[in-house]
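To start, the structure itself, in structure tokens.
The values are calculated or read from the model by the stated rules, or taken from the named source; none is laboratory data. Note that this is a predicted model, so its numbers are computed, not measured. Here the Cβ positions follow ideal geometry from the backbone for every residue, glycine too, while neighbour counts run over all protein chains shown.
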Amino acid sequence: MNLVLKRAYESAQSQDGYRVLVDKLWPRGVSKEDAKLDDWLKEVAPSDALRQALHDEEVTWGEFRNRYLSELTHHKQSLRDLVDKAHQQQVTLVYAAKDEQHNNAVVLKQYLAMLD
């Protein structure tokens with residue numbers, strides 16, 4: 001499976017393959033033209049309440065991860081389609097968070113690996 005993560009603020013490259021934004025909110029200051037996205041899966045982003053709780057430090061990273069994994073189970077079929085696509089070509093999960101190790105795209109990639 002060919003899955004990579006990339007910040008929305010990094011330039012799109014041809015080797016990115018299928019680019020999909022996995023945030024609920026559009027990244028500030030990034031034009032749709034510059035983003036060069038193939039899809040935007042808002043529905044698989046963390047719920048507003050969970051996203052805000054992480055942002056406000058009301059939950060630990062571990063709690064966020066566990067709750068987000070639980071939320072992702074409601075999107076199993078659409079995510080299986082993404083796994084299938086990642087077997088055919090590279091899929092780049094695009095996200096806006098500054099923290100490259102603690103964000104929803106990291107958890108989503110782990111979940112997709114479990115579906116594989």
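Here are 54, 50: which of them is over 17 Å from residue 93 (Cβ atoms), touching a helix residue (DSSP H, G or I) at 6+ places or on another chain (Cβ under 9 Å) and modelled with pLDDT under 95?
Going through 54, 50 in turn, just one is over 17 Å from residue 93 (Cβ atoms), touching a helix residue (DSSP H, G or I) at 6+ places or on another chain (Cβ under 9 Å) and modelled with pLDDT under 95: 54.
Would you confirm, using the coordinates I've provided, whether residue 43 is free of Cβ contacts under 8 Å to residues at least 60 places away in the same chain and in a helix (DSSP H, G or I)?
Answer is yes for this residue.
So that you can scan it fast, the table gives a plain yes or no per residue for (1) touching a Phe, Trp or Tyr at 6+ places or on another chain (Cβ under 9 Å); (2) exposed (fewer than 13 other Cβ atoms within 10 Å of the Cβ):
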{"residue": "12", "(1), (2)": "no, no"}
{"residue": "20", "(1), (2)": "yes, no"}
{"residue": "23", "(1), (2)": "yes, no"}
{"residue": "26", "(1), (2)": "yes, no"}
{"residue": "31", "(1), (2)": "no, yes"}
{"residue": "38", "(1), (2)": "yes, no"}
{"residue": "43", "(1), (2)": "no, yes"}
{"residue": "46", "(1), (2)": "yes, no"}
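I need the full set of residues from segment 6-21 which are farther than 18 Å from residue 103 by Cβ and either among the aromatic types (Phe, Trp, Tyr) or not in a loop (DSSP other than H, G, I, E, B) (or both), in order please.
Within segment 6-21, 14, 15, 18 meet the criteria.
Cβ-Cβ under 6 Å, sequence separation 6+ or interchain: first residue in segment 51-69 and assigned to a loop (DSSP other than H, G, I, E, B), partner surrounded by 13 or more Cβ atoms within 10 Å (Cβ to Cβ). Which pairs?
What qualifies is 59/53.
Of (1) modelled with pLDDT of 95 or more; (2) closer than 19 Å to residue 84 by Cα; (3) assigned to a loop (DSSP other than H, G, I, E, B), residue 1 satisfies all except one. Which?
Checking residue 1 against (1) modelled with pLDDT of 95 or more; (2) closer than 19 Å to residue 84 by Cα; (3) assigned to a loop (DSSP other than H, G, I, E, B), the one that fails is (1).
Of (1) surrounded by 14 or more Cβ atoms within 10 Å (Cβ to Cβ); (2) closer than 20 Å to residue 8 by Cα, residue 83 satisfies all except one. Which?
With respect to (1) surrounded by 14 or more Cβ atoms within 10 Å (Cβ to Cβ); (2) closer than 20 Å to residue 8 by Cα, residue 83 is out only on (2).
Given (1) touching a residue at least 40 places away in the same chain (Cβ under 8 Å); (2) over 16 Å from residue 4 (Cα atoms), where does residue 78 come up short, assuming only one miss?
Checking residue 78 against (1) touching a residue at least 40 places away in the same chain (Cβ under 8 Å); (2) over 16 Å from residue 4 (Cα atoms), the one that fails is (1).
I need a count of the residues in segment 86-111 that are closer than 21 Å to residue 48 by Cα and either touching a Gly at 6+ places or on another chain (Cβ under 6 Å) or surrounded by 13 or more Cβ atoms within 10 Å (Cβ to Cβ) (or both).
The total comes to 15.
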